[in-house]
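Input: a single structure, listed below in structure tokens.
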Amino acid sequence: GMGELLTCFAFSLSQVLKPHSVCLSISDGSLLPILACYLGAEQVFTLESSTVSHSLMEKIFKANHLQDQIKIIEKHPESIISSDLGGKKVSLLIGEPFFSTSLLPWHNLYFWYARSAVASHLTSDVTVFPQSASLHMMIVEFKDLWRIRSPCGTCEGFDVRIMDEMIKNSLDFRESREAEPHPLWEYPCKSLSDPLEVLTFDFRETVQECPIGKEGTVSLLRTGKTHGAVFWMEYNLTSSLSVSTGLVKVSGEKGYCQWTPHCKQAVYFFSTVSAPETGADCPSAVAYAINFNPKTGDVMMDFNLLS
């Protein structure tokens, strides 16, 4: 749970924080600035772009007698000027990208954009924490979730095909082949493929302009209804410690999945869920193409079931 995440965070932060660190924290309402103070940072700045989190954090810092050590900057990253930081350069940049209330896992890449926006205020040997992230994918069968997508035909003597058509049309219209956020710890599912790392994002570098993409095929290890692909992020806090906002483990022969609670993952439903006749009967693999567009921050995806 969250307690474990914080412990993990504190431990790995203690490994990268040097005694004379000038620290900048990017994440609204985070307790990381306090953690950085307790671990011995010389000066801590925290960006609170919302007024609500500003006044709340002010109270928390005062209660902990840290108001002199932590300076709140109520600005967006791109508006920061040198005097906000007292003319200092930042040697440790920290963020909690996975505690944000973002909808889809890759919305948390805001941290990467923020890091790029403050690049001129960082020392040449700055430590960025977390240092990188990766997007992971797995093909699954849902126990119940697929009902959202499944036409219901004849229900207790009523012909609800008109409703089906409406749902299917609204799906085709709404789908536009995009992923949707769902908290998977609430929905039982089983894995049909191994988990796969599809994209990596290096926060030590600024955001690049070129799209990042990957294409390939993933083999299906178990038979089941290929309802869709699920996506989650993993964050490498340091080079040796990472935390997942998705899959915790796959257990047993049946492949039942355990997910990180209180996080949403992304689910991409295959079109065969709403139109079973279009798919391979029993696919043996799934071809995928995943692309991240840095200009928009969107991840586009395309899949083909292979028999």
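The values are calculated or read from the model by the stated rules, or taken from the named source; none is laboratory data. No experiment lies behind these values; they were computed from the predicted model shown. As a convention, Cβ positions derive from the backbone with ideal geometry for all residues, glycine included, and neighbour counts pool all protein chains shown. Areas reflect the complete protein model, heavy atoms only, side chains present, ligands, DNA and RNA absent. Shrake-Rupley method; radii C 1.70, N 1.55, O 1.52, S 1.80 Å.
Summary table
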{"item": "Enumerated strands (runs of 3 or more DSSP E) restricted to the range 208-307, each holding at least 2 residues that are in contact with a helix residue (DSSP H, G or I) (Cβ under 8 Å, 6 or more places away or on another chain) and either surrounded by fewer than 19 Cβ atoms within 10 Å (Cβ to Cβ) or not basic (K, R) (or both)", "result": "228-236, 256-259, 265-269, 298-306"}
{"item": "Filter result (of a type in the set (G, A, S) and modelled with pLDDT of 90 or more) within the range 276-296", "result": "S284, A285, A287, A289"}
{"item": "Where T200 falls short, out of the listed (1) within 30 Å of L93 (Cβ to Cβ); (2) touching a Lys or Arg at 6+ places or on another chain (Cβ under 8 Å); (3) loosely packed, with under 15 Cβ neighbours inside 10 Å", "result": "(2)"}
{"item": "Scan of the range 165-197 for residues that are open to solvent by 70 Å² or more (accessible area, probe 1.4 Å), part of a loop (DSSP other than H, G, I, E, B) and modelled with pLDDT of 85 or more, ordered by number", "result": "D194"}
{"item": "Among residues of the range 118-140, those that are under 25 Å from A266 (Cβ atoms) and either in a strand (DSSP E or B) or aliphatic (A, V, I, L, M) (or both), counted", "result": "11"}
